[in-house]
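Step one of this worksheet: look at the structure below.
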Amino acid sequence: MHITQLFVVILLIGLKLSEVVGDCSFNKSQSHCTCSLLDLENGGNLFQCLPAFVFELRGGNLEKYVGFASSTVNQQVLDILQTLQVTKIVFGDLLVPEVLLAAVMKFTYYMRITDIEFESCTFLGNASWFQMDRLILPVSSLRFHNVTSASLADRDKDFAHLSRWLETLQNLTVTQSQVTYIPCSIGKVFRTLRYLDVSENHLQDQSMRPSFCQGAFPQLQVLKLHRNNLSSFYTMCEMLHQLEKLVHLDVSQNDLLAIPSSSCQWQPSLLILNLSTTGLDHITLPLPPNVEVLDVSSNNLHALDLALPFLKKLHLSNNRLHAVPSAKNYPALEVLSLDGNLISYLPRDELQSLRHLQSLRAGRNLYNCSCAGASEIQALASMESLMPDWPQDYTCESPSHYQGTLVKNVPASVLQCNKAIVIIPVTVLLVLSCLAGIICFARRKAWSG
């Protein structure tokens, strides 16, 4: 095989990429090359992509290249691979025989690739991964999105061959891939994994125990379980308690039951918790004691009365709150989102008592624009950069003559809003005038007598 053809074969995971002008595009500013897999004979303008840091291969069936799995590559080609600048490879819309994938993955050992992604791919069959035994690849981030493969069950031997590499992996994403659970033995392989995203799969409460068994993912800091089939916040608390270094947990868009008070305690390391769009109508303990960011937006909450002294960001958008939560519960608050609720009044003094508050979103509420209500909101809005959604999202719901009016356009002068300032002095003057008149009348009558 000619060295140029062989170079192309290795670079594109063992394929004789055949393309013509226009089928490989190179974005020089982003150092990103995208190629389509075609069944032609010319290597074409692939070499314009040699300076690329990101290489993307899309579209095709790789079954006809499965013979490459048994071929050998000479040292000259391996030397070429070591000179390439590519650090990320993306495979999309491909049918990939696993035996071919196993044979080719070892070539990343000679390259600078740190990120590999598979999007909308189907992995065919099973393969032995013994060729990867004891190899530590430079790849630290692995992403699968909308992929189909054979079950991971009973594949401990394969993962044993990959363990030297997988135990160094830092980031793993497996989304929209019909994952129902993670075998305990596989979780234990990922000894240094920091980031795990298994969103948009089919994980259930009963699959949490084997997936996050004792000893699995011991260094995990970020866990995203967004949009699965989870229902019990309490079960999650119990099953994830062994993740002693967990900092960020996202369980949004799961249909959770109301959170009851319980004895389960979250790890003190947990600082960021996303419970948005989970259908909750009330929240009691337990919540992580040191939580700094809490997102409970797009739920059915009528109130939130929890003392969270370390909380810095509180997202309560799109709930059913009728009043602003008590500021004394959140003394460290920096960001507060209250937009899209049923709030009629913003208590200026209480909100100003939050000394660290930098951002307040409170638009799309049902504001009572009586003079006191409008003036309080206008006073808050006068604080520089505090309300990023002001004035366009602040309209009056009542009184009726102001309904639909922007709050900023409601007159709120001292004389208009504090009629007592005018009425009391006028009343006093009238009373004094009457008294003076009576006295004058009495004196004249006395003199005339």
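The values are calculated or read from the model by the stated rules, or taken from the named source; none is laboratory data. Note that the coordinates shown come from a computational prediction; the quantities given were computed from them, not determined experimentally. Reconstructed Cβ throughout: ideal geometry from the backbone, glycine too, with neighbour counts over all protein chains shown. Ligands, DNA and RNA are excluded from the accessible area calculation, which covers all protein heavy atoms including side chains. Shrake-Rupley method; radii C 1.70, N 1.55, O 1.52, S 1.80 Å.
Of all residue pairs spaced 6 or more apart or on separate chains, those with beta-carbon atoms under 8 Å, a first member in the stretch 42-70 that is on the phi > 0 side of the Ramachandran plot and part of a helix (DSSP H, G or I) and a second member that is at pLDDT below 85 and among the polar types (S, T, N, Q) are GLY44/SER18. SER359 meets each of the listed conditions (1) touching a residue at least 24 places away in the same chain (Cβ under 8 Å); (2) more than 15 Å from ASN341 (Cβ to Cβ); (3) out of contact with any Asp or Glu (no Cβ under 8 Å at 6 or more places or on another chain) apart from (3).
The single condition among (1) under 15 Å from PHE217 (Cα atoms); (2) surrounded by 17 or more Cβ atoms within 10 Å (Cβ to Cβ); (3) of a type in the set (A, V, I, L, M, F, W, C) that VAL90 does not meet is (1). Scanning the stretch 222-240 for residues that are in a helix (DSSP H, G or I), open to solvent by 50 Å² or more (accessible area, probe 1.4 Å) and farther than 19 Å from LYS188 by Cα yields a single hit, TYR234. Of the strands (runs of 3 or more DSSP E) entirely within the stretch 326-407, those holding at least 2 residues that are aliphatic (A, V, I, L, M) occupy 335-337. If you go through the stretch 197-221 and pick out every residue that is outside any loop (DSSP other than H, G, I, E, B) and either touching a Cys at 6+ places or on another chain (Cβ under 6 Å) or open to solvent by 40 Å² or more (accessible area, probe 1.4 Å) (or both), you end up with 4. Taken over the stretch 205-234, residues that are of a type outside the set (Asp, Glu), touching a Leu at 6+ places or on another chain (Cβ under 7 Å) and farther than 16 Å from VAL174 by Cα amount to 6. From the list LEU354, LEU333, the lone residue that is within 27 Å of the chain's Cα centre (by Cα) and either without any contact (Cβ under 8 Å) to a residue 12 or more places away in the chain or surrounded by 20 or more Cβ atoms within 10 Å (Cβ to Cβ) (or both) is LEU333. The number of residues in the stretch 104-131 that are β-branched (Val, Ile, Thr), buried (at least 18 other Cβ atoms within 10 Å of the Cβ) and in a strand (DSSP E or B) comes to 1. Scan the stretch 369-379 and give yes if some residue there is among the hydroxyl-bearing types (Ser, Thr, Tyr) and either loosely packed, with under 15 Cβ neighbours inside 10 Å or within 31 Å of the chain's Cα centre (by Cα) (or both), otherwise no. No, there is no match, as no residue in the stretch 369-379 is among the hydroxyl-bearing types (Ser, Thr, Tyr) and either loosely packed, with under 15 Cβ neighbours inside 10 Å or within 31 Å of the chain's Cα centre (by Cα) (or both).
When ASP255 is tested against (1) open to solvent by 60 Å² or more (accessible area, probe 1.4 Å); (2) closer than 29 Å to ASP154 by Cα, exactly one condition is not met: (2). Looking at this structure, is PRO309 over 22 Å from VAL251 (Cα atoms) and open to solvent by 30 Å² or more (accessible area, probe 1.4 Å)? Taking the combined requirement at face value, the residue satisfies it.
PHE190 falls short on exactly one of the conditions (1) open to solvent by 20 Å² or more (accessible area, probe 1.4 Å); (2) within 26 Å of TYR109 (Cα to Cα); (3) of a type in the set (Phe, Trp, Tyr); (4) part of a loop (DSSP other than H, G, I, E, B), and that condition is (1).
Counting just the residues of the stretch 242-287 that are not in a loop (DSSP other than H, G, I, E, B) and not aliphatic (A, V, I, L, M), which one comes out farthest from the chain's Cα centre (by Cα)?
Here the answer is HIS248.
Pick from the stretch 40-60 the residues that are open to solvent by 40 Å² or more (accessible area, probe 1.4 Å) and within 33 Å of the chain's Cα centre (by Cα): which of them is modelled with the highest pLDDT? Within the stretch 40-60, the match that is modelled with the highest pLDDT is PHE53.
Is there a residue in the stretch 142-159 that is modelled with pLDDT of 85 or more, hydrophobic (A, V, I, L, M, F, W, C), in contact with a Leu (Cβ under 8 Å, 6 or more places away or on another chain) and open to solvent by less than 50 Å² (accessible area, probe 1.4 Å)? Quick ask: steps written out before the conclusion?
Here is the first cut: in the stretch 142-159, the ones modelled with pLDDT of 85 or more are 142-149.
Adding the requirement that they be hydrophobic (A, V, I, L, M, F, W, C) leaves 142, 144, 147.
With the extra rule that they be in contact with a Leu (Cβ under 8 Å, 6 or more places away or on another chain), the set shrinks to 142.
Still in the list and also open to solvent by less than 50 Å² (accessible area, probe 1.4 Å): 142.
So far as the stretch 142-159 goes, yes, one or more of its residues are modelled with pLDDT of 85 or more, hydrophobic (A, V, I, L, M, F, W, C), in contact with a Leu (Cβ under 8 Å, 6 or more places away or on another chain) and open to solvent by less than 50 Å² (accessible area, probe 1.4 Å).
So for the stretch 75-85 (the condition being modelled with pLDDT under 90, outside any strand (DSSP E or B) and open to solvent by less than 10 Å² (accessible area, probe 1.4 Å)), does at least one residue qualify? There is at least one residue in the stretch 75-85 that is modelled with pLDDT under 90, outside any strand (DSSP E or B) and open to solvent by less than 10 Å² (accessible area, probe 1.4 Å). Figure legend. Inter-residue proximity from the stretch 168-186: first residues closer than 12 Å to PHE144 by Cβ, second residues of a type in the set (D, E, K, R) and open to solvent by 30 Å² or more (accessible area, probe 1.4 Å), beta-carbon distance below 6 Å, spacing 6+ or different chains. Indicated pairs: THR173/ARG143; THR175/GLU200; GLN176/GLU200.
Out of curiosity, is LEU94 touching a Ser or Thr at 6+ places or on another chain (Cβ under 8 Å), closer than 19 Å to SER36 by Cβ, touching a residue at least 40 places away in the same chain (Cβ under 8 Å) and not in a loop (DSSP other than H, G, I, E, B)?
On the way: touching a Ser or Thr at 6+ places or on another chain (Cβ under 8 Å): yes; closer than 19 Å to SER36 by Cβ: yes; touching a residue at least 40 places away in the same chain (Cβ under 8 Å): yes; not in a loop (DSSP other than H, G, I, E, B): yes.
For LEU94, the condition - touching a Ser or Thr at 6+ places or on another chain (Cβ under 8 Å), closer than 19 Å to SER36 by Cβ, touching a residue at least 40 places away in the same chain (Cβ under 8 Å) and not in a loop (DSSP other than H, G, I, E, B) - is met.
Condition test on PRO325, is it more than 23 Å from THR175 (Cα to Cα) and in contact (Cβ under 8 Å) with a residue 24 or more places away in the chain? No: the conditions fail for PRO325.
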